[in-house]
1. Students often get this wrong: which residues of the range 328-348 have the backbone nitrogen under 17 Å from the point 7 angstrom along Cα-to-C-beta of residue 439?
2. Trypsin sites (Lys or Arg not before Pro), restricted to the range 301-365: which are DSSP loop and have at most 13 other Cβ atoms within 10 Å?
3. List the residues whose amide H sits under 5 Å from the amide H of residue 498, counting only those 5 or more places along or on another chain, with H placed 1.01 Å from N in the peptide plane.
4. Specify whether the C-alpha gyration tensor of the chain places it in the rounded, prolate or oblate class, a ≥ b ≥ c being the square roots of the eigenvalues: rounded for a/c under 1.5, otherwise prolate if a/b is larger than b/c and oblate if not.
5. How much solvent-accessible surface does residue 413 expose, in Å² to the nearest 10, with a 1.4 Å probe and all protein chains in place?
6. Over the chain, what is the mean sequence separation of C-alpha contacts under 8 Å (at least six apart), divided by residue count, expressed as relative contact order in percent?
7. For the chain, what is the mean residue ellipticity at 222 nm derived from helices alone (per DSSP H run of n ≥ 4: -39500 (n - 2.57); sum divided by total residues; nearest 500 deg cm²/dmol)?
8. Report the label-to-label distance for residue 243 and residue 403 in nanometres (one decimal), using points 7 Å from each Cα along the Cα→Cβ vector.
Amino acid sequence: MKIALLDYGAGNVRSIRNAVRHLGFSFSEVTSREDIISADKLLFPGVGSFGLVMEQLRLRGYAEPLRERLLAGKPFLGICVALQVLYAGSEESPGVEGLGILPGQIRRFPSGENAVPQIGWNGITPVKSSSLFNGYCGEKLYFVHSYFAPLAETPVDWQLSHTNYGCDFVSAVEKGAVSAVQFHPEKSGEAGLAIVKNYLREGERIVLSNRKTASDTKMAKRIIACLDVRSNDAGDLVVTKGDQYAVRAEGEVRNLGKPVALARRYYEEGADEITFLNITGFRSFPLKDQPMIDLLEECSKNIFVPLTIGGGIREFVDSSGEKYSALDVASAYFRAGADKISIGSDAVKVVEEYIRSGKKSGDSSIEQISSVYGAQAVVISVDPKRKYVASAEATSHSVVRAATPGPNGEEYCWYQCTVKGGREERDLDVVQFVVACEELGAGEILLNCIDRDGTNSGFEIELIRQVKAAVSIPVIASSGAGCAAHFAQLFTETKADAGLAAGIFHRREVGINEVKQAIAAVGMEVR
Ligand code: 1PR
């Protein structure tokens, strides 16, 4: 059986390759139109924008053979934007024609109650039986997209499953041997791998009884494990953990373990996402000695939940005068298995220039990476510090009433942005910063808090509320978790989309499952 994978240079195709290999199948890469026609089974993972995918398919002369194959009803599995290009067009790329297998238009999620993009674990409701869902028991699956296939614009005989995210949308289509899914099965843990296996399985597609699942689906709150990574004095790459960003104890870099092993442990313990932050990335150049690239390649071999990587993503000129753009760095990370990249210090610089000039340059790191890989692939890691003020009127910055009074009993504070891991303070407050990042095309905010980092004293609720009120993109709350109850407090007192912790997980003080039980106990949806 000839399995062919269609990679048009999209973001993270490494994950689907790893998933197919992990399942014990071999495959070949599509290099010609003939490969598209002749393959017994075609896999088409899509990442990026509708327009970019269609442009790449046409550039390579793949659009016509693909249409031919689909109209002939030959086995096909499309993932994410590869489902969307089956349609005639999309609001994401007006005027760009899709493959037109399905007549309708892809639409953007309405902004409002739900953060857009949809990033996280949601359910599906199969509306007809399919061998693709043999053995599927209603597990949540991983979605990361801003545009969706509307029910009204999808012929009923193509509709395979629905999902709700503010509105009901088509989360999978199928007709005969042609299937496509909006979620990422290669990033949806064991349940996702089972769906890929059902597609790749040899022989006739026999439909076993598909278990009835819930008629409505709910997005889960995400629990993320974060690995702050750096080289220790011996030059080994270790997971470390700061107290308010100070990572040395008795002069030594705290060593909490090996990154690959810890990441694997969190995958097995049910982490919804895993984040790696190269905390000294601002010093070195990620593409030079490459430890983070190797780490990603290793982890993505057998970790099938989303991986985010941050640290040092910026423009760079190396010692031989060779110039690299932030996009070059990000592309290397995506090819190595990252699903999202996180920008820290460089984003502050970009926003300061944006506020100073009042206009978008179009070639900032945020804009470049977001336009090629999609907003959902760009996370902004914010490192704010509390700045106490005598009164709310004492500053032009956006203040909050501080839950922790200041050293002189101050009741108010604002949150000052920093760069280089909290080493340098900037005259920019967190609200100005996140609003500008969203305008420039970022898809998610990783909201740390230096004052809370490593303190086990709980999340900075007032900061999270302030940022959640300022942006419509998802917000990951980070810093300060000391027990499972802190996550319950986080999700009952704020609209945070995800909660991240490091120290308590590394030191095995609290388990990921314990956290999920605690938030489920207060009525939150969990995976
Ligand atoms: O600025 O683009 O090179 O990125 C550097 C990245 O490294 C940024 O994302 C920045 O947040 C991170 N970083 C830099 N220095 C430190 C440090 O700790 N000295 N760590 C650092 C950031 C914060 C969280 C941490 C939570 C949870 N770590 O990610 O994991 O605070 O911790 P807790 O649960 O133990 O409280 P660039």
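The values are calculated or read from the model by the stated rules, or taken from the named source; none is laboratory data. Note that the coordinates shown come from a computational prediction; the quantities given were computed from them, not determined experimentally. Methodologically, a virtual Cβ is constructed for each residue, glycine included, from the backbone with ideal geometry; neighbour enumeration extends over all protein chains shown. Please note that ligands, DNA and RNA were not included when accessible areas were found on the heavy atoms of the full protein model with its side chains. Shrake-Rupley method; radii C 1.70, N 1.55, O 1.52, S 1.80 Å.
1. Of the residues in the range 328-348, 347-348 have backbone N under 17 Å from the label point off residue 439.
2. Details: sites: 301, 314, 323, 335, 340, 349, 356, 359, 360; in loops: 301, 314, 359, 360.
Loop-located and lightly packed - 359.
3. 222, 475, 477
4. Numbers: a/c = 1.67, a/b = 1.59, b/c = 1.05.
Because a/c hits 1.5 or more and a/b exceeds b/c, the chain counts as prolate.
5. Number for this one is 0 Å².
6. Once normalised by length, the contact order is 13 percent.
7. On the way: 17 runs with 149 residues, N = 527.
Dividing the helical sum by the residues of the chain leaves -8000 deg cm²/dmol.
8. For residue 243 paired with residue 403, the spin-label model returns 2.1 nm.
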